[in-house]
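Below is one structure, written out as structure tokens, with a few remarks after it.
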Amino acid sequence: MILKDEKQKIIKRANVLTGTIEEWVKIMQELHKLGVDTFTFWAAGPDKLEQSRLFAKEVVPRFKEAVGYK
């Protein structure tokens with residue numbers, strides 16, 4: 001069970017995600033536990049194409065596996 005204060009911290013952290021692939025998957029898992037079922041990816045910075053590729057090829061599959069989505 002996630003307490004109210006923990007929930008607020010998770011949501012605040014999720015406004016803008018930065019970090020490693022593993023960190024992205026972890027925060028997305030936390031949000032999923034709170035009932036979030038849709039994520040919008042918006043690449044920022046100079047290499048938007050590579051960021052989009054990493055999100056699609058690395059983050060999404062790991063997240064889906066972590067939450068048992070087939």
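Surrounded by 10 or more Cβ atoms within 10 Å (Cβ to Cβ), in contact with a His (Cβ under 9 Å, 6 or more places away or on another chain) and at pLDDT 90 or above: is that true of V67 in this structure?
yes
In the stretch 30-51, how many residues are surrounded by 12 or more Cβ atoms within 10 Å (Cβ to Cβ) and either modelled with pLDDT of 95 or more or of a type in the set (K, R) (or both)?
1
If the Cβ limit is 6 Å and pairs must be 6+ apart or interchain, which residue in the stretch 18-37 that is touching a residue at least 24 places away in the same chain (Cβ under 8 Å) and within 11 Å of F63 (Cα to Cα) pairs with which residue that is assigned to a helix (DSSP H, G or I) and of a type in the set (D, E, K, R)?
So the pair list comes out as I21/E58; V25/R62.
The values are calculated or read from the model by the stated rules, or taken from the named source; none is laboratory data. This is a predicted model, so every value here is computed, not measured. All Cβ positions, even for glycine, are placed from backbone atoms using ideal geometry, and neighbour counts span all protein chains on display.
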